[in-house]
Amino acid sequence: MEQAWFFIILAWSLSGDKQLDAAEEAAFRAISLIPEKGNPFPVYQFHRALGEIYQSKGDMAKAIHHLEMTRNCVFSQLTR
């Protein structure tokens with residue numbers, strides 16, 4: 001999970017630097033490193049990053065998809 005956090009921090013940094021393709025790649029790498037089992041709560045931050053990256057790229061359909069995933073991750077934790 002530590003590597004996943006590294007890649008999401010990298011994604012946020014690249015996004016802030018307007019390197020959106022590299023940010024997208026780093027965010028997907030972070031998601032790929034998340035274990036199947038375990039606490040799903042941190043996953044929301046990874047989808048949130050992708051949502052904001054896609055919003056910056058102007059791809060609203062993908063942005064909405066990932067921001068809805070963010071909402072679903074958070075909601076699932078709150079209703080447990």
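Quick rundown of the values:
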{"quantity": "Low-density loop cleavage sites - GluC sites (Glu not before Pro) in region 1-78, where at most 16 other Cβ are within 10 Å (DSSP)", "calculated": "Glu36"}
{"quantity": "DSSP H segments from the chain that extend 15 Å or more along their own axis, Cα-based, with Kyte-Doolittle mean of 0.0 or above", "calculated": "2-16, 20-32, 60-78"}
{"quantity": "log₁₀ of I(q)/I(0) at q = 0.20 Å⁻¹ - region 2-78, Debye sum with one point per alpha carbon", "calculated": "-0.79"}
{"quantity": "Rounded to the nearest 20 debye, dipole of the chain from Cβ charges on Lys, Arg, Asp, Glu", "calculated": "260 debye"}
{"quantity": "Length gained when the stretch Leu78-Gln3 is fully extended (0.36 nm per residue, less Cα-Cα span)", "calculated": "24.4 nm"}
{"quantity": "Listed residue (Ala30, Gln19, His47) projecting farthest to the positive dipole end of region 2-78, Cβ model", "calculated": "His47"}
{"quantity": "Label-point separation, Ala61 to Ser32 (7 Å along Cα→Cβ), nm", "calculated": "2.3 nm"}
{"quantity": "Ellipticity estimate at 222 nm from DSSP helix runs (n ≥ 4, -39,500 (n - 2.57)) divided over the chain, nearest 500", "calculated": "-25500 deg cm²/dmol"}
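Read-outs: derived from the displayed coordinates by stated rules, not from any lab. Given the structure is predicted, the values throughout are model-derived calculations rather than measurements. With ideal geometry, Cβ positions are generated from the backbone for all residues, glycine too; neighbour counts draw on all protein chains shown.
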